[in-house]
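Asker: Have a look at the structure that comes next, please.
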Amino acid sequence: MNPPGTEFDEVALGLKASTGHRVAGALMIVNAALVLLETFMMPGSGKSDLLLTPSFPVTALIDIALGVSLLSGSAGAVRLSVIRVALGLVLFTLIRLLAGEWLAAGMQLGVSVAFLLLLLGHPRRLRIGVAAVLFGLYLALEGLGLYIVLSGQNPLARAVLSARGELTGEPAGDVVGELVDYRLRAPSDRWYLRTGEAARRDNPLADRWLIRPDLDAHILVIAERVPDTMVPLAPFVDTVVGNMRSAATSFELLDTAPLPGYPDTGKLLRMRATVDGQNIDYLAGLVTAYGSAYQLIGFTGASNFAAVEPELRAAIESFALPASAALPQGAGRVVGNAAPYAITAPNERWITASPEMLAQQNPDSDRWIVRPDVDAHLTVVLEPLGEETTPAALMQQMPERMRGSWPTANFHPDEPLAGTHASGQILHASVAGAQGAFEIDYALYVVGLRAFHVIAMAPAPAYPGVRDELRRAQLSFDPPND
């Protein structure tokens, strides 16, 4: 109790906020302003997830109200602020830790301790100074975060990734694939190779992953083995684009062009998408080869794409296929297994299907040649006959037989086929099934009591470009003399 004639110490009696409490109020307002600014400027912060984020606007508005009350000297606001800060310390730090955001958890811990130093009891100069230092460090890190968001550049990214063990060490330089020994060159010494573990954690299909940390730019390489065959380019492009479209909130294919160095078997795609709320620009190279297929996907935030596009392009265009991707020797003249007939491949792009491939995928065929880059095929099937007949008479049975496999097949009238060594009959059919739409030229030659079915087919989009080659191969049929 104060002696008569002396003034009450309202701060000591807990009736009025102290200087430390008022400082806490001012810092709470500053922090709330930062939270609001960060919330609405961070990529991917949409209205639907604002309340799911530890730093959501409602919390910031509460902090502003408490801060104003503290500045006005309200003692009641001190108790409410302590409760608010303590709950934030436990709840928000735990959320950050569970999400693996160690730096954010440390920042939350630091700023919460700073506020508690100012709010508990009646802080003197030392505690106020320590709290100011903690808040200053927090403010510096928040400022750096805002700079990264606004500029798209992160000067600390490489150090952070290295500390996490996500980079292999020195600049990437010349990169060799793991699954297949393809090669590409990093465009500058600012590009690093992520460790295999880090790359596959983010994408299990990743074979190599280059990153330029300061601009958050990436080149993801996916290599796939396709033994004894070659993925046709057009459906490969459609599949990749379809997968990217399905993974994005919005997607736009801006441009396609032949990939320099691989004009027939490669495409360069320019794309834009919104993924997890972030606007991302892509430059991707797709390459198909015998036995393998490759995706080289360069991407970065939309704001950084113009700066990094030349480097993405240089890296993608430096891609070199492994020696194993070379086509086997052209089929040339192919002699039958079950009979000494022969067919001649139209050019060096046509190869002979391996015995394993023949046994697994087409066991009824005696011979099979394929042009892998366009998925075009020519097979020869032998059929013993019970009696003598003509190619024209036997051809009348073919539409019904083919409808057993393709019920909706459309047929053109058959016509005579005057081959180089023999005469036969040919029928054209358009078919569709689970594997897509195909065009088929079905040729028949009859030699004694054997029929030789020389069947040429290609996907409908590729057929016009390969039709003449298919016909030349069918016309080259040389019947056996046995």
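Asker: Where residues in segment 331-344 are more than 38 Å from the chain's Cα centre (by Cα) and part of a loop (DSSP other than H, G, I, E, B), which of them is farthest from GLU383 (Cα to Cα)? Step through it out loud before you land on a result.
Answerer: Of all residues in segment 331-344, those more than 38 Å from the chain's Cα centre (by Cα) come to 332-344.
Narrowing the set further to residues that are part of a loop (DSSP other than H, G, I, E, B) leaves 332, 336-341.
Values: GLY332: 24, GLY336: 13, ASN337: 13, ALA338: 11, ALA339: 11, PRO340: 14, TYR341: 13 Å.
Once the filter is applied, the top-ranked residue is GLY332.
Asker: From (1) modelled with pLDDT of 95 or more; (2) in contact with a Leu (Cβ under 7 Å, 6 or more places away or on another chain); (3) within 23 Å of GLU224 (Cβ to Cβ); (4) assigned to a strand (DSSP E or B), pick out the condition that doesn't hold for ALA315.
Answerer: (4)
Asker: Criterion first (polar (S, T, N, Q), at pLDDT 80 or above, part of a helix (DSSP H, G or I) and over 47 Å from the mean Cα position of the chain (by Cα)) does SER81 satisfy it? Steps first, answer last, please.
Answerer: Details: polar (S, T, N, Q): yes; at pLDDT 80 or above: yes; part of a helix (DSSP H, G or I): yes; over 47 Å from the mean Cα position of the chain (by Cα): no.
So SER81 fails the test.
Asker: Quick check on my filter: what residues within segment 428-437 are among the hydrophobic types (A, V, I, L, M, F, W, C) and open to solvent by 30 Å² or more (accessible area, probe 1.4 Å)? Show your work before the answer.
Answerer: Here is the first cut: in segment 428-437, the residues among the hydrophobic types (A, V, I, L, M, F, W, C) are 429, 431-432, 434, 437.
Hits for segment 428-437 are ALA432, ALA434, ALA437.
Asker: Inspect all residues belonging to segment 472-480 and state whether any of them is farther than 14 Å from ALA376 by Cα and small (Gly, Ala, Ser).
Answerer: Step one: of segment 472-480, the residues farther than 14 Å from ALA376 by Cα are 475-480.
Keeping just the survivors that are small (Gly, Ala, Ser) gives 476.
Yes, some residue in segment 472-480 is farther than 14 Å from ALA376 by Cα and small (Gly, Ala, Ser).
Asker: Looking at segment 417-438 only, could you name the residues that are more than 30 Å from the chain's Cα centre (by Cα) and either in contact (Cβ under 8 Å) with a residue 60 or more places away in the chain or under 15 Å from MET398 (Cβ atoms) (or both)?
Answerer: Hits for segment 417-438 are LEU417, GLY424, GLN425, ILE426, LEU427, HIS428, ALA429, SER430, VAL431.
Asker: Something else now. Return yes when LEU378 is open to solvent by 40 Å² or more (accessible area, probe 1.4 Å), of a type outside the set (Phe, Trp, Tyr) and in a strand (DSSP E or B) and no when it is not.
Answerer: Details: open to solvent by 40 Å² or more (accessible area, probe 1.4 Å): no; of a type outside the set (Phe, Trp, Tyr): yes; in a strand (DSSP E or B): yes.
Criteria not met by LEU378.
Asker: Suppose the filter is under 16 Å from ALA284 (Cα atoms) and open to solvent by 20 Å² or more (accessible area, probe 1.4 Å); does PRO187 pass it? Reasoning before the result, please.
Answerer: Values: under 16 Å from ALA284 (Cα atoms): yes; open to solvent by 20 Å² or more (accessible area, probe 1.4 Å): yes.
Yes: the conditions hold for PRO187.
Asker: Looking only at residues in segment 397-407 that are open to solvent by 50 Å² or more (accessible area, probe 1.4 Å) and in contact (Cβ under 8 Å) with a residue 12 or more places away in the chain, which one is farthest from ALA432 (Cα to Cα)? Explain how you work it out, then say what you get.
Answerer: Going residue by residue through segment 397-407, those that are open to solvent by 50 Å² or more (accessible area, probe 1.4 Å) are 397, 400-401, 403-407.
Filter once more, so that each one left must be in contact (Cβ under 8 Å) with a residue 12 or more places away in the chain: 405-406.
Values: SER405: 10, TRP406: 7 Å.
Among them, the one singled out is SER405.
Asker: Let me ask something else about it. Among (1) closer than 19 Å to ILE211 by Cβ; (2) among the β-branched types (Val, Ile, Thr); (3) touching a helix residue (DSSP H, G or I) at 6+ places or on another chain (Cβ under 7 Å), where does ILE297 come up short?
Answerer: It is condition (3) that ILE297 fails.
Asker: Of all the strands (runs of 3 or more DSSP E) wholly in segment 196-302, which have at least 3 residues that are open to solvent by less than 10 Å² (accessible area, probe 1.4 Å)?
Answerer: Fully inside segment 196-302 and qualifying: 217-225, 262-275, 278-289, 292-301.
Asker: Quickly run through segment 67-78 and pick out the residues that are assigned to a helix (DSSP H, G or I) and either surrounded by fewer than 23 Cβ atoms within 10 Å (Cβ to Cβ) or basic (Lys, Arg) (or both). Spell out how you get there, then give the answer.
Answerer: Residues of segment 67-78 that are assigned to a helix (DSSP H, G or I), as a first pass: 67-71, 75-78.
Those that are assigned to a helix (DSSP H, G or I) and either surrounded by fewer than 23 Cβ atoms within 10 Å (Cβ to Cβ) or basic (Lys, Arg) (or both): VAL68, SER69, LEU71, ALA75, GLY76.
Asker: Going by what's in this entry, would LEU61 be described as at pLDDT 85 or above and over 27 Å from GLY129 (Cβ atoms)?
Answerer: Working: at pLDDT 85 or above: yes; over 27 Å from GLY129 (Cβ atoms): yes.
Yes; evaluated as a whole, the condition is true for this residue.
The values are calculated or read from the model by the stated rules, or taken from the named source; none is laboratory data. Nothing here was measured: the structure is a model prediction, and the numbers come from that model. Methodologically, a virtual Cβ is constructed for each residue, glycine included, from the backbone with ideal geometry; neighbour enumeration extends over all protein chains shown. In case anyone asks, the SASA skips ligands and DNA or RNA and just uses the protein heavy atoms, side chains included. Shrake-Rupley method; radii C 1.70, N 1.55, O 1.52, S 1.80 Å.
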